[in-house]
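Report on the structure given below.
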Amino acid sequence: MAITPLMPVYPRSPVRPVRGEGVYLYGEQGERYLDFAAGIAVNILGHGHPHLTKAIQEQAATLMHVSNLYGSPQGEAFARRLCDNTFADTVFFTNSGVEAVECAIKTARRYHYAKGNPHKHDLITFSNAFHGRTMGAISATDQAKMVDGFAPLLPGFRVVEFNNLDAALAAVDENTAGFLLEPIQGEGGIRPATHEFLSGLRAACDEHDLMLVFDEVQCGVARTGQLYAYQHYGIEPDILASAKGIGGGFPMGACLASEKAAAGMVLGTHGSTYGGNPLAMAAGQAVFDVVANEDFLANVRLKGERLRAALEQMIPNHDHLFESVRGVGLMLGIRMKADSRAFVTYLRTKGLLTVSAGDNVMRVLPPLIIEEEHIREFVDTLSAAAAQYEVPAEAA
Ligand SMILES: *Cc1c(COP(=O)(O)O)cnc(C)c1O
């Protein structure tokens, strides 16, 4: 048999972590990696954080799963905290980011259905977006690598250019349900939406009674130095998908909505066997305990500025490799002149973990608990690696 036991859909790297501690991962032979990938923006408290670990251990021994058929004191408590700290009035818990996006799409369509406008089912989405890998989520993108071979895609999506307000407004017609976008694109290459773009979309939604849906699966949960990225812009969505950092490594997600937006999500319209189980709620609460306060968020902004400044200072020394730094808080990307994928692979051999993204960007997504010493270690190791790196001939 030629196929591997793990379905071979990922280019698995020789990095094989078996243990984690703080911002470090350790491989099978004890090799140490500085983890500035954080499981792709997931392990926001690093690895083995005592408060999160203890909460999961205690909850696992107390009650792991029941069913959404029963009352959920754990879910109610966490949903209330999310609502108290955001625009939202109600929350549906999921097990992953894409399920949160699916719930967001269904909530937006169902809003119009409930208002007697079932024809308003189209979401306008944007170039280079990433919303996950279900049939619904891949139908919302224009990226060939995600959709090839999976036709027919679901109807009801129209992709226009990101950050192009005129194109977005021109795409609105009588079938439009709303807009679905990442306020800061992650996989697409750390591309923040402009303020004019988001405020223009918000105004169009208010004018035409459309749903503004933010996919904050990657940029949410303190990553940018605000609990959610929309708070930087001061522009509230009607519906928001959250995941990745929300469980700090425990798989969970959430679809947040205003009372108005959730008007159609009545009894029996949606569900999940595991979503919002007591174990996930304990993990989410523990992460929230740490990150949902102004001191923590201010520290993320400060560390983000320090890291960014250090990277910007380093770039001119390696301007054959690096172009510029972009992003917000600790959601940073370095636009590269050489192939970012090959460079990310090379950095792993130097004990540094980062993530490549679209637009030839190397993402720098450390745990949010990093100290100055980790920033120094990262930038020093990166700079030394850049000096040694020989750009592969075909990618030069
Ligand atoms: C990762 C991601 C998703 C998908 O999340 P999964 O947990 O992999 O399903 C959706 N949207 C954005 C913006 C993401 O970064």
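The values are calculated or read from the model by the stated rules, or taken from the named source; none is laboratory data. Source: prediction; values computed, not measured. Here the Cβ is made from the backbone with ideal geometry for all residues, glycine too, and neighbour counts use every protein chain on show. Keep in mind that these areas ignore ligands, DNA and RNA; they rest on the heavy atoms of the full protein, side chains included. Shrake-Rupley method; radii C 1.70, N 1.55, O 1.52, S 1.80 Å.
Hand me the tally of lysine pairs in the stretch 63-291: alpha carbons under 23 angstrom apart, and the pair either on different chains or 8 or more positions apart.
7
Run the accessible area of the stretch 63-291 with a 1.4 Å probe and give the carbon-and-sulfur part as a rounded percent.
53 percent
Check the chain for me: any Cys whose beta-carbon has no other cysteine beta-carbon within less than 4.7 Å?
83, 205, 219
Can you give the % of DSSP beta bridges in the chain that are antiparallel, to the nearest 5?
In the chain, DSSP labels about 65 percent of beta bridges as antiparallel.
So if I take the centroid of the Cα atoms in the stretch 1-75 and the same for the stretch 196-269, what is the distance between those two points in Å?
What the calculation gives is 25 Å, centre to centre.
Which trypsin sites (Lys or Arg not before Pro) from the stretch 82-152 combine a DSSP loop assignment with at most 13 other Cβ atoms within 10 Å?
115
Given a 1.4 Å probe and the protein chains all in place, what does the accessible area of residue 28 round to, in Å² to the nearest 10?
100 Å²
For the pair residue 80 and residue 289, how long in nm is the line joining their label points, each one 7 Å along Cα→Cβ?
According to this spin-label approximation, the distance is 1.7 nm.
With r defined as the distance between the Cβ atoms of residue 349 and residue 144 and R0 fixed at 41 Å, what FRET efficiency is calculated, to the nearest 0.05?
Efficiency, rounded to the nearest 0.05: 0.85.
Can you pull out the chymotrypsin sites (Phe, Trp or Tyr not before Pro) in the stretch 115-154 that DSSP calls coil and that have at most 11 other Cβ atoms within 10 Å?
Listed in order of number, the matching sites are 150.
Which FRET efficiency value, to the nearest 0.05, do you get for residue 372 and residue 32 by plugging their Cβ-Cβ distance into 1/(1 + (r/R0)^6) with R0 = 25 Å?
0.85
Evaluate the distance, in nm, between pseudo-label points positioned 7 Å from the Cα of residue 266 and of residue 306 along their respective Cα→Cβ axes.
In this crude spin-label approximation the distance works out to 5.4 nm.
Which whole-number value in Å² is the accessible area per residue of the chain, probe 1.4 Å?
Accessible surface, normalised per residue, equals 44 Å².
Could you tell me the relative contact order of the chain? Use alpha-carbon pairs under 8 Å, at least six residues apart, and round to a whole percent.
Dividing the mean separation by the residue count of the chain yields 22 percent.
Nearest 5 is fine: what % of DSSP beta bridges in the stretch 53-201 come out antiparallel, could you say?
20 percent
Along the Cα→Cβ direction, 7 angstrom out, place labels at residue 54 and residue 337. What is the inter-label distance in nm?
Here the modelled spin labels are 5.1 nm apart.
State the extension gain, in nm to one decimal, for the chain segment bounded by residue 10 and residue 259, taking 0.36 nm per residue of separation less the distance between their alpha-carbons.
Taking residue 10 through residue 259 to full extension adds about 85.7 nm, to one decimal.
At 222 nm, what helix-only mean residue ellipticity would the chain give, in deg cm²/dmol to the nearest 500, using -39500 (n - 2.57) for each DSSP H run of four or more?
Helices in the chain give a 222 nm mean residue ellipticity of -11000 deg cm²/dmol.
Ignoring everything but the protein chains, give the 1.4 Å probe accessible area of residue 214 in square angstrom, nearest 10.
Probe radius 1.4 Å; accessible area of residue 214 about 0 Å².
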